[in-house]
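Below is one structure, written out as structure tokens; comments come after it.
The values are calculated or read from the model by the stated rules, or taken from the named source; none is laboratory data. Treat the numbers as computed from the prediction; the structure is a model and nothing was measured. Heads up, the Cβs are rebuilt from the backbone with ideal geometry, glycines too, and the neighbour counts pull from every protein chain shown. With ligands, DNA and RNA removed, areas are computed over all heavy atoms of the protein, side chains included. Shrake-Rupley method; radii C 1.70, N 1.55, O 1.52, S 1.80 Å.
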Amino acid sequence: MRRLSRNWILAIAFFICRLIFIISTPLDGIKGYGDFVHFYHLAQMGVPFLDYWVEFPPIFPFLSWLIYQIAAGQQHIYDYLLLIILTLVQTGSLVVFANLVKQVKPRSNHRVSIAAYFLVNLILAYNWWYFDVLAVMTLLLGLLWIFNGKHIRAVVILAIGTLTKLFPALAICLIWRHSSLKKAVLLTSILVLIVVGAYMVLFSVAPEFTKASILSQSSKGSWETVWALIDGNYRTGNFGAEVERLDAATADNLLGNPPRVSPWITLPVFLLIGGYFYLRLTENQPSVQLGLLGMAFLLFFLWMPGWSPQWILYLIPVVLLIFDDSEGIIISGILILINLLEWPVLLSRGYPWGLWLTIPVRTIFFIFLIILTYSRIKQFMLGRNEPIDQGNLEYS
């Protein structure tokens, strides 16, 4: 009870700090280089999926539209309401993360990891420039429930996360690790049915814009990855003007140059690498399984034709959970600096040549992280040493 109270004190402190920041900073400064203006303009256009196609999964576009209705179309009210909602979600994420730390690192000093995540949430602008914190919250809550044996709850919240951003679905690999084949298939089917069911409902009401929303991702081309450098695409992952979304046909317009190396050709290679790690890392300790999830994220990001700097928000809590305090903080800091250099430092100032610096450095660092994570976990499993804080907690 005492530890839970400390977690909530930390969360309240975070919320107060964020409120002070919101109150004392001009709104334009808070919005900075983020997508708030884009979100507002989309909400202005009507009901997502019904009146226009949208490049995001459905949960955030509908949330944004609802906020717009509550704000009666006033942009500054919309902005502040969205900021408060994102702050509340981050506050909850801190509480969930604190509980995860106590399960994954039962014999370590929890305060360092929690304080590090507190600071990342408080000062890293990606946390309020975009809406990824919504999906991060579902990912962390899903992991907590998986480790506590509440698998149905975990699958439902991961499905909600998948309908916000695709990435939380990767956590389903942990369900397969320690469940029987029948149970794993059943739980995975629940996740798929929730996601597919949501899109089927939208398709039954507005087939044209729903189909366009799904196809829009395949027409996005490559951006901010090695594949983008190969294709000659020196751009961000943004689509064109919002007004184009009123025409479903524009969703199929390829942005940039076509791929010289199809992601479908490289997919088997990355699946084989991921399968190797999956079969080799057989321990059920949470940190071992989080290492597996971290490598799944890294392989997925290396395979994808595109990359957005705010996606480090999915990696940082996993890094802080699986590595010891000093390593986790250093790795997180390097990830943050590389991606801030890319956006906003270089790209927002019209320096696309900077991608020839940031993309290779980030790619090499991701590969290094995969090797480092695998090495640390194998050392633990072989009992040579204990580089990652471990307890005796097994999955329920």
(request) State whether segment 259-373 is rounded, prolate or oblate according to the following rule on the C-alpha gyration tensor (a ≥ b ≥ c being the square roots of its eigenvalues): a/c under 1.5 gives rounded; otherwise a/b larger than b/c gives prolate, and the remaining case gives oblate. (result) oblate
(message) Could you work out [θ]222 nm for the chain from helices alone, using -39500 (n - 2.57) per DSSP H run of at least four and dividing by all its residues? Round to the nearest 500 deg cm²/dmol.
(response) -21500 deg cm²/dmol
(message) Can you give me the long-range amide H partners of Y52? Hydrogens built in the peptide plane at 1.01 Å from N, cutoff under 5 Å, separation of 5 or more residues or another chain.
(response) none
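Of H151, H41, H178, H76, which has the most accessible area with a 1.4 Å probe, and how do the rest follow in descending order?
Reading off the accessible areas and sorting them downward yields H76, H41, H178, H151.
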(request) Roll a 1.4 Å probe over the protein chains and send me the accessible area per residue for the chain in Å². (result) 43
(request) Per residue of segment 239-251, in order, report the coupling 6.51 cos²θ - 1.76 cosθ + 1.60 (Karplus, θ = phi - 60°) as ³J(HN,Hα) in whole Hz, putting x for Gly and Pro. (result) 7, x, 4, 4, 4, 4, 6, 6, 10, 4, 5, 6, 5
(request) Grab the Cα-Cα distance for L27 and T282, subtract it from 0.36 nm times how many residues apart they are, and report the gain in nm with one decimal. (result) 86.9 nm
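Please arrange K211, K220, K182, K150 by accessible surface area, largest first, computed with a 1.4 Å probe and ligands excluded.
Listed by decreasing accessible area, they come as K182, K211, K150, K220.
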(request) Determine ³J(HN,Hα), in whole Hz, for all residues of segment 189-198 in sequence, where each value follows from phi through the Karplus function 6.51 cos²θ - 1.76 cosθ + 1.60 and θ = phi - 60°; x replaces Gly and Pro. (result) 5, 4, 4, 5, 5, 5, 5, 5, x, 4
(message) When a/c reaches 1.5 or more, the comparison of a/b and b/c decides; with that in mind, is segment 87-166 rounded, prolate or oblate per its Cα gyration tensor?
(response) oblate
(message) Just to confirm the number: angle between the C-alpha axis of helix 312-322 and the first principal axis of the chain, 0 to 90 degrees, nearest 10?
(response) 10
(request) May I have the extent of the alpha carbons of segment 1-154 along their three principal axes, as whole Å values ordered from largest to smallest? (result) 52, 40, 24
(message) Starting from a Cα-only point model with no solvent, please compute log10 I(q)/I(0) by Debye for segment 115-201 at q = 0.13, 0.16, 0.19, 0.20 1/Å.
(response) -0.46, -0.64, -0.83, -0.89
(message) Let me make sure I get this right: for segment 292-350, a, b and c are the square roots of the gyration tensor eigenvalues over alpha carbons, sorted descending. Under 1.5 in a/c it's rounded, otherwise prolate if a/b > b/c, else oblate. Which is it?
(response) oblate
(request) Just need the Rg to Rh number for segment 206-260, please, alpha carbons only, Kirkwood Rh. (result) 1.02
(request) Quick one: order T91, T282 from most to least accessible surface, probe 1.4 Å. (result) T282, T91
(request) Enter the accessible area of C173 (Å², nearest 10), with the probe set to 1.4 Å and all protein chains included. (result) 30
(request) Please report how far the C-alpha centroid of segment 1-76 lies from that of segment 314-387, rounded to the nearest whole angstrom. (result) 27
(message) Let's see if you can work this out: charge +1 on each Lys and Arg Cβ, -1 on each Asp and Glu Cβ, no other charges. What is the dipole magnitude of the chain about its Cα centre, in debye to the nearest 20?
(response) 1340
(message) With every atom except the alpha carbons ignored, what do you get for Rg and Dmax of the chain, in angstroms?
(response) 20.8, 62
(message) Can you tell me the orientation of helix 132-147 relative to the chain, as the angle in degrees between its alpha-carbon axis and the longest Cα principal axis, to the nearest 10?
(response) 30
(request) Would you tell me the accessible area of M137, worked out with a 1.4 angstrom probe on the heavy atoms of the protein chains, in Å² to the nearest 10? (result) 40
(request) Leaving ligands, DNA and RNA out of it, work out the accessible area of Y351 with a 1.4 Å probe and give it in Å² to the nearest 10. (result) 100
(request) Quick one: which residues, 5 or more positions from W223 or on another chain, have an amide H under 5 Å from its amide H? H modelled 1.01 Å from N in the peptide plane, none for Pro or chain starts. (result) A228, G306, W307
(message) From the phi angles alone, apply the Karplus equation (6.51, -1.76, 1.60; θ = phi - 60°) to segment 217-222 and give each ³J(HN,Hα) in whole Hz, x where the residue is Gly or Pro.
(response) 5, 6, 8, 6, x, 9
